[in-house]
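Let me begin by presenting the structure, written as structure tokens, before commenting on it.
All of the numbers you see were taken from the coordinates with simple rules; none came from a lab. Keep in mind that this is a model prediction, so the values were computed, not measured. With ideal geometry, Cβ positions are generated from the backbone for all residues, glycine too; neighbour counts draw on all protein chains shown.
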Amino acid sequence: MQVDEEKLRKALSKPAAYGPDLDLSQYSMEAVEQPKVDEEIIERSFEVGVDLRKRGALTTFLQIDHGALYKSVQKQFEGDVELLTIEEAVRKYDWVKELMWKLRSPYEDKYTAFNALHGAGGYFLRILEDRKIHMPIQACFLMFSPGAIQSVHNIIVAEPGSEAQILTGCTSHPKVSRGLHVGITEIYVRSGARLNYTMIHKWNPGFDVRPRTGILVEDAATIIHNYIAIGYVRSFQSQPTARLVGGNSKITMNNVVYLQGSSEMDLGGEVLIEGKGDKAEIITNAVAAERAKIINRGKISCEGEGGKGHISCRGLMLSDSAEISAIPCLVSRRMDSELTHEAAIGRIAEDQLFYLMARGIPREEAESLIVRGFLDLSPMNLPEHLEQGIRRIIDMALQGF
């Protein structure tokens, strides 16, 4: 897509539709010298599910600040998967330019405009037609320079009949207190393809995060889009959008969130059903501790024959100083559509707590067990080893709760 630079510069002053506005001039595109992949970086990446110790055995992409430090495809999958930096992909394939900014507008707000003007890095990932990748593909974006903007653009193409599992972890170095992460991700799930995409975030308390994700799902294709956020963030705002354009296609958006401190999150999900017999789910389980504030939005619109959709918004309050809002929205333009939603916000149920305590479990441990159960991973359809890894990340976050 060709972009209008003058129009982009005007959009640099356009706030996002939701979430707190940020002054982009307070951040820098300058970066300190890129570090080596040491134990501290390996451990931080591991906390968002990316095992850099296995980077020689797993298809892996690592970007620190504005540049890729590492990318590799396993030898056994070299004819099945293509992994390039986004800059390499644009140089190699003219058609990649046509995929960029097709699912999200560069003029949408100041964050997309900044990315279109000043973006640096990101990956292009293509799973070739009818290839089945049984091992996870992992990518990590880590922020290392204080006060920097990391502004990346990713393109994922699951070609017809392909299958893959992708894990992307985004995080900040423990020593860096402040920064802004802007991530544009456009995902194309072609006819008959099956994609499981999981994104895990863990940030330091002074970070602002503005992901912008667009998804296109064709005939008889399926995507499970998982988002997990654990711990702290200064502010987060995201509204992933998806279009189901083929018949009998399906999307499930799963969000699992546990926020602490003074974190603010405005998390949404929006699906447009266009094809016959398409199905969409948006499921969010959010826990707010201490002074955290979470706004949970979900919208499903149906224009396709026999379309079905369901939104589930569940919130668990762990403090009177916390706040959760649930805003589900359904729009039907077909008489034969079936759209439903449910929303609930509450505290830890006393009967559950008493049940566990009556069996000799201390109160604090009982509360922690209930929170772990609320952060349900089963809809994410993760492979066992990956689910165990994410449960370990949740357990680390809940230590001392």
Sorted by chain and then number, the residues having a modelled amide H within less than 5 Å of the amide H of N255, at least 5 places away or on another chain, are Y227, I283, T284, N285
Greater than 27 Å separation of Cα atoms is the criterion. Which listed pairs, K110/K202; K110/K293; K36/K175; K175/K293; K102/K293; K71/K102, meet it?
K102/K293
Sites matching GluC sites (Glu not before Pro) across the range 63-104 that sit in DSSP coil, with at most 13 neighbouring C-beta atoms within 10 Å
E78
Ranking I370, G360, H385 by how far each Cα lies towards the positive end of the charge dipole of the range 349-401 (+1 on Lys and Arg Cβ, -1 on Asp and Glu Cβ), the top one is H385
The size of the Cβ-based charge dipole (Lys, Arg +1; Asp, Glu -1) of the range 259-310 about the Cα centre, to the nearest 20 debye, is 160 debye
Projected onto the charge dipole of the range 1-134 (+1 at Lys/Arg Cβ, -1 at Asp/Glu Cβ, origin at the Cα centre), which of L22, V32, S72 gives the Cα projection farthest towards the positive end?
S72
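Which shape class, rounded, prolate or oblate, goes with the range 349-401 when its Cα gyration tensor gives a ≥ b ≥ c as root eigenvalues, a/c under 1.5 marks rounded, and past that a/b bigger than b/c marks prolate?
On the way: a/c = 2.90, a/b = 1.93, b/c = 1.50.
It is prolate, given that a/c is not under 1.5 and a/b is the larger ratio.
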Using mean Cβ contacts within 10 Å as the protection proxy, how do 9-18, 108-117 order, highest first?
108-117, 9-18
Under 13 Å from the Cα of K92, which aspartates and glutamates turn up, not counting those fewer than eight places away in the same chain?
E82
With DSSP loop assignment and no more than 12 other C-beta atoms within 10 Å, the GluC sites (Glu not before Pro) in the range 28-61 are E30, E33
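Can you pull the Kirkwood radius for the chain, inverse mean 1/r over Cα pairs, to one decimal in Å?
Numbers: mean 1/r = 0.0465 Å⁻¹.
This gives a value of 21.5 Å.
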Please express the Cα-Cα pair-distance distribution P(r) of the range 48-163 as a list of whole percents, one per 5 Å bin, running from 0 to the bin with the greatest distance.
2, 11, 19, 21, 21, 14, 8, 3, 0
Run the reach check for K299 against aspartates and glutamates, Cα to Cα strictly under 17 Å, same-chain hits fewer than 8 apart removed. What comes back?
D266, E270, E274, D278, E281, E338, E342
